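What follows is one structure encoded as structure tokens, with my remarks underneath.
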Amino acid sequence: MRKSAMGSLPPPHLDFASVDHESLKNGGSGHAQHQEISRDNLLNLFTSQQDLLNHFFKHLDLSQTLDFARILLSSAGTVFFTGVGKSAFVANKVSQTLVSLSFRSSFLSPLDALHGDIGALSSRDILVLFSKSGATEELLRLVPCARAKGAYLVSLTSVPGNPLAGVCDMNVHLPLQRELCPFNLAPVTSTAIQMVFGDTIAVALMAARNLSKEEYAANHPAGRIGKSLIFKVKDVMKKKDELPICKEGDLIMDQLVELTSKGCGCLLVVDEHHRLIGTFTDGDLRRTLKASGEAIFKLSVGEMCNRKPRTIGPETMAVEAMKKMESPPSPVQFLPVVDEDNTLIGIVTLHGLVSAGL
């Protein structure tokens, strides 16, 4: 296959036959008679990208990578990441991943660093510089400033013998065969490699520090995992004036407003010491009405309530409450919350758990 005008070969499976070259020459503004992405061409692109990523995996120097990971793990300060253009997005993302895993990390803009932000760096810190070419002017200007602060400098580059690698304390070569872009220009493979490398190192650090699931969840309180490991029943239950409470001697018909107005679908029957006696649901009301007819006007809640309801404690994890609601012999929509003396302190509902994101 002959080389393109750029002097590099196209990806192995890329078919240029369907490319509108006239439109490309006009900066993409040409009016093609017919534009289409075929299934085969799309598949070929993904296959080509897979081949290019496999080249990275096959040629990555594991010894270099291990040294890099150990340096980050032993850092006594903050691990700063920097880059320019698309590499900046990768650097920022990798830094955020480390922060979410409880590592001290931050993104440092090379431009802002030269206008004051370099003050964040100290001799305890590590500065990791992402650059495909290793010739990025902004990063090369940043290096002497960072070195003057005493930071340890690591470059992550893909072009052998580049100037950035020569002025840093350490360089990790990220093997790149070429970009998937037909002109070998758009950073679509190099940035994928950078992201895979950075995130894999992050997981290695996570494993080395034995980060627990609970510690991870503590950094993600708004996510489903975080909520399931952080929220307890007491955090999501209704309490005090929100509870549909009645006494066992109260007539059913006198408690209809309480049954329907609190949004729990039940009555919580308590004694004079506020200990739970049982529950009476809207389903119990329908069954009682069907079986008793007009006699329901004379029936008390205590006569028809369930005296052995499922209950749960306030310190139980909220996710366990959901499991208990769904357990055999049949699912329920709520659980009374009681303390060790069976005193009623709240109610947790399925709707409330779902609304909380569980």
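The values are calculated or read from the model by the stated rules, or taken from the named source; none is laboratory data. Bear in mind that the values here come from a model prediction, so they are computed numbers and not experimental data. Neighbour counts run over all protein chains shown; Cβ positions are idealised from the backbone, glycine included. What goes into the accessible areas is simple: the full protein's heavy atoms, side chains included, and nothing from ligands, DNA or RNA. Shrake-Rupley method; radii C 1.70, N 1.55, O 1.52, S 1.80 Å.
Observations on the structure shown:
- Residue check, Leu140 in contact with a strand residue (DSSP E or B) (Cβ under 8 Å, 6 or more places away or on another chain) and at pLDDT 95 or above: no
- Residues located in segment 337-358, provided they are in contact with a strand residue (DSSP E or B) (Cβ under 9 Å, 6 or more places away or on another chain), open to solvent by less than 30 Å² (accessible area, probe 1.4 Å) and within 15 Å of Gly263 (Cβ to Cβ): Gly346, Ile347, Val348, Thr349, Gly352
- Condition check for Thr260: in contact with a Pro (Cβ under 9 Å, 6 or more places away or on another chain) and at pLDDT below 90: yes
- Within segment 213-248, considering residues that are modelled with pLDDT of 80 or more, assigned to a loop (DSSP other than H, G, I, E, B) and of a type outside the set (D, E, K, R), the one nearest to the chain's Cα centre (by Cα): Phe231
- Some residue of segment 178-197 being touching a Lys or Arg at 6+ places or on another chain (Cβ under 6 Å), under 13 Å from Phe80 (Cβ atoms) and not in a helix (DSSP H, G or I): no
- Within segment 291-313, restricting attention to residues that are hydrophobic (A, V, I, L, M, F, W, C) and under 22 Å from Gly263 (Cβ atoms), the residue that is surrounded by the fewest Cβ atoms within 10 Å (Cβ to Cβ) is Met304.
- Count of segment 109-164 residues, restricted to those that are out of contact with any Leu (no Cβ under 8 Å at 6 or more places or on another chain), under 19 Å from Phe89 (Cα atoms) and open to solvent by 60 Å² or more (accessible area, probe 1.4 Å), is 3.
- Lone qualifier among Leu164, Leu156 - being under 21 Å from Leu111 (Cα atoms), touching a residue at least 40 places away in the same chain (Cβ under 8 Å) and in contact with a strand residue (DSSP E or B) (Cβ under 9 Å, 6 or more places away or on another chain): Leu156
- Within segment 314-336, being over 16 Å from Cys266 (Cβ atoms), touching a helix residue (DSSP H, G or I) at 6+ places or on another chain (Cβ under 9 Å) and open to solvent by 20 Å² or more (accessible area, probe 1.4 Å) holds for Pro314, Glu315, Thr316, Met317, Val319, Glu320, Met322, Glu326.
- At least 2 residues being among the β-branched types (Val, Ile, Thr) is the threshold, and among the strands (runs of 3 or more DSSP E) wholly inside segment 34-140 those reaching it are 79-82, 126-130.
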